[in-house]
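The values are calculated or read from the model by the stated rules, or taken from the named source; none is laboratory data. Everything quoted here is computed from the prediction, not taken from an experiment. Cβ placement follows ideal geometry from the backbone for every residue including glycine, while neighbour counts extend to all protein chains displayed.
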Amino acid sequence: MARSSDDRLITVQQHIIEQQRAHPTATGEFSWLLSGITLAACIIQAKVRRAALLDILGGAGSANVHGEIQQKLDVLANETMERCLGFRGNVGILASEELDEAKIVSSPTGTGKYVVIYDPLDGSSNIDVNVSVGTIFSIFERITSGPITDVKRDVLQPGTKQIAAGYVVYGSSTVMCYTTGNGVHMFTLEPSIGSFMLSAENVCMPERGKTYSVNEANADAFPSGIQKWLKWAKTKEAGPYTARYIGSLVADFHRTLLRGGVFLYPRTAKDPTGKLRLMYEANPIAFLAEQAGGTASDGTQSILEKQPESLHERTPLIVGSKREVEQVLDYLKRG
Ligand code: AHM
Ligand code: MG
């Protein structure tokens, strides 16, 4: 993993602007949009860190579109994203795990060109036990132009069309990681000044790793190829592998990005199409993985090439180092 090449202190805003300079047609609008996300991340992390003090832990008493009980912080994080992005003028559509439908954002012109899709607080069932949680985002440009009349068409784009994606992990420190298709860059929040500072540029995922990450309690319901790979991974010949599973996608992926290995959430009897959501979990994670030299699949096809049919659709996810992912896919194929 490379640090910035000199001793300069670089904030995320500076970094984004510098990245945009490489695009001669850049107008600065995109940097303005990403700065809305960093502002939201600062606010959400402050709320996450003070949750117990503010007495905002626990359920909000409502359920989201998936029938899951919303945590108070889910609701707050969602509102924060909406407030930070909804008034930037250039965002046309917002879509979230916490909203039933994508939302047209009215701007003075009504023609914001970006679509931002996010999971405002991933892993939120872990909040009450003080485990890392995160925000995941995926950004597209609208396909249609002018007033927004065909929301589905603008939203339901395959991951290959993402123009940026990233996540923020609220762990022992707050780290933001993003890509615009030109490498993966990581920033750590310096809380005393409220700025995200560059901590690693052009992050590379190791080509192979020693960790696998999966909810093995579901193993009996996994496809037989995955069960066989897991069995093989425990043999002397394979390893030694070690298992790590937090149950927060952002935290599990963050470790996989830095250390290599594989994260799996296959289909199960309970979730026959997998549990994770394509548009605001798998797609942005897959974009980051591929930009860092890793890869992501649903078991038969590249995550990024999947054509979404609906905003909240689920997908199996196998993501990580090339070597492990390819090996798992090989086992899957053989059944
Ligand atoms: P959420 O978006 O409702 O928080 O659910 C997604 C989370 C992921 O962060 C994590 O990878 C997965 O659910 C864990 O699921 P399980 O508890 O079934 O292992
Ligand atoms: Mg989630």
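Figures for the structure shown
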{"item": "Members of region 95-111 found to be touching a helix residue (DSSP H, G or I) at 6+ places or on another chain (Cβ under 9 Å) and closer than 18 Å to Ile163 by Cβ, listed by number", "result": "Ala95, Ala102, Val105"}
{"item": "Within region 176-196, considering residues that are of a type in the set (A, V, I, L, M) and more than 16 Å from Gly36 (Cα to Cα), the one farthest from the chain's Cα centre (by Cα)", "result": "Ile193"}
{"item": "Any hit, region 109-118, residues being within 16 Å of ligand 1 (Cβ to nearest atom), closer than 16 Å to Leu33 by Cα, in the same structural domain as Ala41 (by TED's automatic domain parsing) and buried (at least 22 other Cβ atoms within 10 Å of the Cβ)", "result": "yes"}
{"item": "Residue within region 280-289 that is surrounded by fewer than 24 Cβ atoms within 10 Å (Cβ to Cβ) and either within 16 Å of ligand 2 (Cβ to nearest atom) or without any contact (Cβ under 8 Å) to a residue 40 or more places away in the chain (or both) present", "result": "no"}
{"item": "Residue match in region 239-250 (condition: buried (at least 20 other Cβ atoms within 10 Å of the Cβ), more than 12 Å from ligand 1 (Cβ to nearest atom), touching a residue at least 40 places away in the same chain (Cβ under 8 Å) and closer than 23 Å to Val133 by Cβ)", "result": "no"}
{"item": "Hey, Pro316 over 23 Å from Ile139 (Cβ atoms), away from ligand 2 (no atom under 14 Å from the Cβ) and surrounded by fewer than 20 Cβ atoms within 10 Å (Cβ to Cβ) or not", "result": "no"}
{"item": "Selected residue (criterion: farthest from Gly320 (Cα to Cα)) from residues of region 203-217 that are surrounded by fewer than 18 Cβ atoms within 10 Å (Cβ to Cβ) and of a type outside the set (Asp, Glu)", "result": "Ala217"}
{"item": "Qualifying position, being within 16 Å of ligand 1 (Cβ to nearest atom), at pLDDT 95 or above and out of contact with any Lys or Arg (no Cβ under 6 Å at 6 or more places or on another chain), among Ser124, Ser138", "result": "Ser138"}
{"item": "Residue tally, condition within 22 Å of Ala164 (Cα to Cα) and not in a strand (DSSP E or B), over region 112-141", "result": "3"}
{"item": "Checklist (1) touching a Ser or Thr at 6+ places or on another chain (Cβ under 7 Å); (2) modelled with pLDDT under 95 applied to Met186, failing item", "result": "(2)"}
{"item": "Filter result (out of contact with any strand residue (DSSP E or B) (no Cβ under 8 Å at 6 or more places or on another chain), farther than 30 Å from Ile10 by Cβ and either touching a residue at least 12 places away in the same chain (Cβ under 8 Å) or assigned by TED's automatic domain parsing to the domain that holds Asn130 (or both)) within region 203-219", "result": "Arg208, Asn218"}
